[in-house]
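Everything on this sheet refers to the single structure shown next.
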Amino acid sequence: GAVVSQHPSWVICKSGTSVKIECRSLDFQATTMFWYRQFPKQSLMLMATSNEGSKATYEQGVEKDKFLINHASLTLSTLTVTSAHPEDSSFYICSAPTSGVNTGELFFGEGSRLTVL
Amino acid sequence: AQSVTQLGSHVSVSEGALVLLRCNYSSSVPPYLFWYVQYPNQGLQLLLKYTTGATLVKGINGFEAEFKKSETSFHLTKPSAHMSDADEYFCAVSERAGNQFYFGTGTSLTVIP
C-alpha cells in the first residue's frame, strides 16, 4: 500500500513557540491531505483539508491563524502550530487518499504527539 | 450529511471468542465504508474496506465485515479473538474516493486471557 510519513513523531516545546509537523506521501502524489487531531481515548477530529497549490479548507471552530497549513508540493503538507499553548497538546495525524487499486482509501501517517509545556 | 455510530466504546471478549464491533452509518449516497485499527501512539491502519461489489469483505488478521444496506450497518467480526487484537478500532464512511472521511468514536477492544 501507499506510505505516508509524518515527522516528528514526538515533540515537546515551550509555551509560546511554534512547531512544524511535516506529512509526506512517499510513493504517490497527494493533491489532497487531511489533518486530524486526536484527544486521548477519543476519535479523530478533522481539522482541515490541505490542497496542493491552494489554501487549506478549515473545519468550523478550527483557528486558521493558529494552525497554519501549507501544501507546498504533491508530496508534502505541513502543519504549523503557532504560539503553542498547553491546550494545543494533542496527537496530530495526517492522511492522504490515493487512486488506482486503492481508490477511496485513506493512508495515515504515524502521528505526531505534541506536548506544550 | 454523513455520520458514523459505533455502539459500545469498550468491548471485552475472552480469548478465542467471537469479536463483534458494531458500526452504523448514515449517508445520502452509496457509501464507502472502512474499518481501521489504531495501535498505541500510532496512526491508523486499514483493516478492510467496502466500496462496491461483494458485501462481505475480508481484511487482514482474520477480520471481516458485511455491508448491510437495509440496516445501514457495517459490523466488524472475527471468529476467534487473539490477545494481539486488543486495540482501538474505528469505523469510517466517505461518499466517494478522495472525499472527506467521517469517523466513529472508536471502540476499544479488550481480550481477556
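The values are calculated or read from the model by the stated rules, or taken from the named source; none is laboratory data. These figures come from a predicted structure and were not determined experimentally. Cβ placement follows ideal geometry from the backbone for every residue including glycine, while neighbour counts extend to all protein chains displayed. Calculation scope for accessible area: heavy atoms of the full protein, side chains included, ligands and nucleic acids excluded. Shrake-Rupley method; radii C 1.70, N 1.55, O 1.52, S 1.80 Å.
Can you find, within the range B:99-110, the residue that is farthest from A:Ala30 (Cα to Cα) among those that are touching a strand residue (DSSP E or B) at 6+ places or on another chain (Cβ under 6 Å) and surrounded by fewer than 20 Cβ atoms within 10 Å (Cβ to Cβ)?
B:Thr110
Identify, by number, the condition in (1) open to solvent by 40 Å² or more (accessible area, probe 1.4 Å); (2) touching a residue at least 60 places away in the same chain (Cβ under 8 Å) that B:Ser84 doesn't meet.
All conditions are met except number (2).
Of all the strands (runs of 3 or more DSSP E) wholly in the range A:14-117, which have at least 3 residues that are free of Cβ contacts under 8 Å to residues at least 24 places away in the same chain and away from chain B (no Cβ under 12 Å)?
A:67-73
Could you tell me whether any residue of the range A:59-80 is touching a helix residue (DSSP H, G or I) at 6+ places or on another chain (Cβ under 9 Å) and of a type outside the set (Lys, Arg)?
Yes: the range A:59-80 contains one or more residues that are touching a helix residue (DSSP H, G or I) at 6+ places or on another chain (Cβ under 9 Å) and of a type outside the set (Lys, Arg).
Output yes when any residue across the range A:4-13 is open to solvent by 10 Å² or more (accessible area, probe 1.4 Å) and at pLDDT below 90, and no when none is.
no
Taking the range B:27-69 on its own, how many of its residues are under 15 Å from the mean Cα position of the chain (by Cα) and over 14 Å from B:Tyr89 (Cα atoms)?
Kept after step one, since they are under 15 Å from the mean Cα position of the chain (by Cα), are these residues of the range B:27-69: B:31-39, B:44-51, B:55-68.
From what is left, the residues that are over 14 Å from B:Tyr89 (Cα atoms) are B:31-32, B:50-51, B:55-58, B:62, B:66-68.
Residues flagged as under 15 Å from the mean Cα position of the chain (by Cα) and over 14 Å from B:Tyr89 (Cα atoms) within the range B:27-69 amount to 12.
In the set A:Thr78, A:Thr49, which member is open to solvent by less than 70 Å² (accessible area, probe 1.4 Å), closer than 17 Å to A:Lys20 by Cα, in contact with a Phe, Trp or Tyr (Cβ under 6 Å, 6 or more places away or on another chain) and of a type in the set (Val, Ile, Thr)?
After applying the criteria, what remains is A:Thr49.
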